[in-house]
Ligand code: URA
């Protein structure tokens with residue numbers, strides 16, 4: 001699974017010694033492994049505190065993120081920042097990333113092949129950060145990382161335990177902008193996340 005370290009190096013990192021966070025980020029920013037980079041202005045790597053016990057993973061950069069080179073800075077991102085603040089977490093204190101690092105055309109969801117090609121970067125973020133809690137923001141992150149047949153409406157709000165990692169699938173903040181009734185569920189999920197981070 002993506003969060004487990006393997007003895008087999010992935011093709012991207014073969015025969016290399018383990019890199020530091022700044023080295024991985026620098027290399028990721030020049031990535032041209034797939035065609036998504038051609039339609040994007042830049043690679044949008046994760047942001048925040050690489051020593052955080054919490055990592056949040058979304059789908060992929062949107063227009064604003066592509067422009068500014070930072071994940072979750074558009075409308076959905078601003079809502080995410082407020083959700084984090086509601087559980088007394090500053091955005092800068094956690095780590096925020098995406099399953100793909102380049103903006104898919106017209107904000108379509110990334111394909112399974114695009115997610116697979118980009119996965120070594122997320123794996124490296126996991127290796128370096130070693131979070132205690134992983135929050136999957138929306139169906140794409142949930143399906144891409146846990147269960148391709150998964151349903152976010154059915155499975156959100158339930159912890160998935162993998163070794164030392166606690167995983168919480170929840171709705172994507174963009175889904176809350178479209179349907180504010182989902183806010184109640186997300187509030188419940190983030191209260192569980194707050195509790196887990198304290199134990
Ligand atoms: N939606 C995402 O999934 N990721 C971002 O970075 C922004 C919007």
Quiz item: Which condition breaks for residue 55 when tested against (1) part of a loop (DSSP other than H, G, I, E, B); (2) within 25 Å of residue 164 (Cα to Cα)?
Solution: (1)
Quiz item: Which pairs do you get when a residue that is closer than 18 Å to residue 83 by Cα, found in the range 163-174, comes within reach of a residue that is within 12 Å of the ligand (Cβ to nearest atom) and part of a loop (DSSP other than H, G, I, E, B), reach meaning Cβ atoms under 7 angstrom, with the pair 6+ apart or on two chains?
Solution: 171/138; 172/59; 172/138
Quiz prompt | Residue ID - farthest from the ligand (Cβ to nearest atom), chosen from residues in the range 61-99 that are part of a loop (DSSP other than H, G, I, E, B) and within 20 Å of residue 133 (Cα to Cα) | solution = 88
Quiz item: Residues in the range 182-196: is at least one more than 27 Å from residue 117 (Cβ to Cβ), without any contact (Cβ under 8 Å) to a residue 24 or more places away in the chain, within 16 Å of the ligand (Cβ to nearest atom) and surrounded by fewer than 21 Cβ atoms within 10 Å (Cβ to Cβ)?
Solution: yes
Quiz prompt | helices (runs of 4 or more DSSP H) within the range 103-196 that include 3 or more residues within 15 Å of the chain's Cα centre (by Cα) | solution = 112-129, 139-145
Quiz item: When you go through (1) within 25 Å of residue 168 (Cβ to Cβ); (2) surrounded by fewer than 23 Cβ atoms within 10 Å (Cβ to Cβ); (3) more than 7 Å from the ligand (Cβ to nearest atom) one by one for residue 56, which number turns out not to apply?
Solution: (2)
Practice problem: For the range 31-45, state whether one or more residues are part of a loop (DSSP other than H, G, I, E, B) and under 11 Å from the mean Cα position of the chain (by Cα). | Solution: yes
Exercise. Scan the range 113-142 for residues that are more than 16 Å from the ligand (Cβ to nearest atom) and over 18 Å from residue 39 (Cβ atoms) and jot them down.
Key: 116, 120, 123, 124, 126, 127, 128, 129, 130, 131, 132, 133
Quiz item: Do we have residue 174 as within 16 Å of the ligand (Cβ to nearest atom) and farther than 30 Å from residue 18 by Cβ here?
Solution: yes
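Quick note: the coordinates plus some simple rules give every number you see, no bench work behind them. In this text, all values refer to a predicted model and were calculated from it rather than measured experimentally. Cβ coordinates were reconstructed from backbone atoms using ideal geometry, including for glycine residues, and neighbour counts include every protein chain displayed.
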